[in-house]
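The values are calculated or read from the model by the stated rules, or taken from the named source; none is laboratory data. Not measured: the values here are computed from a predicted model. Don't worry about glycine lacking a Cβ; one is built from the backbone with ideal geometry, like all the others, and counts go over all protein chains shown. Just the protein is used for accessible areas: all its heavy atoms, side chains included, with ligands, DNA and RNA removed. Shrake-Rupley method; radii C 1.70, N 1.55, O 1.52, S 1.80 Å.
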Amino acid sequence: FGDSDEYIQVITISYTKDGKTQTTTYPVTTKDYLESIVVENLQDEYTYGDDLNVDCATVAKVMASGNTKDKVQLTKDMVSGYDPYTEGNQTLTMTYAGETANEVVTVVDNVVAISIKKTPNKTTYDFGEGLDLTGAYIDVVFENGSTDRMAVTSSMVSGYDPTVSGRQTVTLEY
């Protein structure tokens with residue numbers, strides 16, 4: 001029956017009148033129809049420039065009864081709305097059996113280089129003095145070719161100990 005399934009049920013009606021019981025039966029057809037589709041196991045995070053990956057994804061029909069049927073491998077031609085060169089959240093539309101479902105995926109950009117553009121204004125400290133990163137900034141270069149310039153923060157820096165005298169090596173992580 002395509003996207004609907006018909007089931008025949010028999011209803012039995014009994015009644016008593018004047019001490020005599022009558023029984024009759026009626027066939028009733030129940031139709032379970034396609035209500036929506038469900039997508040499972042779609043990869044939800046991609047790196048900038050990556051192709052859409054549907055290797056593990058499936059799509060199935062969801063019937064009005066709540067039952068699922070006809071689960072198949074999701075293919076790229078069932079999906080629209082993906083752009084591997086647009087960062088951030090993207091709403092993809094999957095189409096199967098005339099129904100659509102939406103899923104959100106995220107495209108993130110890779111850092112390909114970090115360079116220290118300016119060291120902190122202060123580079124000499126007294127014993128016990130805290131690290132002052134004022135004036136320090138870095139350039140972060142992403143795979144898409146863009147560059148973000150940002151101030152160096154204490155959460156990016158490790159290795160400084162104000163209770164140690166002498167030269168110290170400080171590590172910057174982004």
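For the reader, a short list of remarks on this structure follows.
- Taken over the range 117-174, the criterion of being under 32 Å from the mean Cα position of the chain (by Cα) and either small (Gly, Ala, Ser) or part of a loop (DSSP other than H, G, I, E, B) (or both) is satisfied by 143, 144, 145, 146, 151, 152, 153, 154, 155, 173, 174.
- Residue match in the range 78-94 (condition: surrounded by fewer than 16 Cβ atoms within 10 Å (Cβ to Cβ), of a type in the set (D, E, K, R) and part of a loop (DSSP other than H, G, I, E, B)): yes
- Taking the range 117-151 as the range and being over 21 Å from residue 47 (Cβ atoms), touching a residue at least 24 places away in the same chain (Cβ under 8 Å) and of a type in the set (Phe, Trp, Tyr) as the test, the residues that pass are 125, 127.
- Any hit, the range 38-57, residues being over 30 Å from residue 86 (Cα atoms), assigned to a strand (DSSP E or B) and either out of contact with any helix residue (DSSP H, G or I) (no Cβ under 8 Å at 6 or more places or on another chain) or free of Cβ contacts under 8 Å to residues at least 24 places away in the same chain (or both): no
Here is a yes/no grid of residues against (1) out of contact with any Leu (no Cβ under 6 Å at 6 or more places or on another chain); (2) open to solvent by 50 Å² or more (accessible area, probe 1.4 Å):
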site: 17; (1), (2): yes, yes
site: 34; (1), (2): yes, no
site: 46; (1), (2): yes, no
site: 52; (1), (2): yes, no
site: 59; (1), (2): no, no
site: 62; (1), (2): yes, no
site: 67; (1), (2): yes, yes
site: 74; (1), (2): yes, no
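- Flag for residue 63 being of a type in the set (A, V, I, L, M), in contact with a Lys or Arg (Cβ under 8 Å, 6 or more places away or on another chain) and under 30 Å from residue 32 (Cα atoms): yes
- Pick from the range 101-116, criterion touching a residue at least 12 places away in the same chain (Cβ under 8 Å) and loosely packed, with under 13 Cβ neighbours inside 10 Å, ranking: farthest from the chain's Cα centre (by Cα): 116
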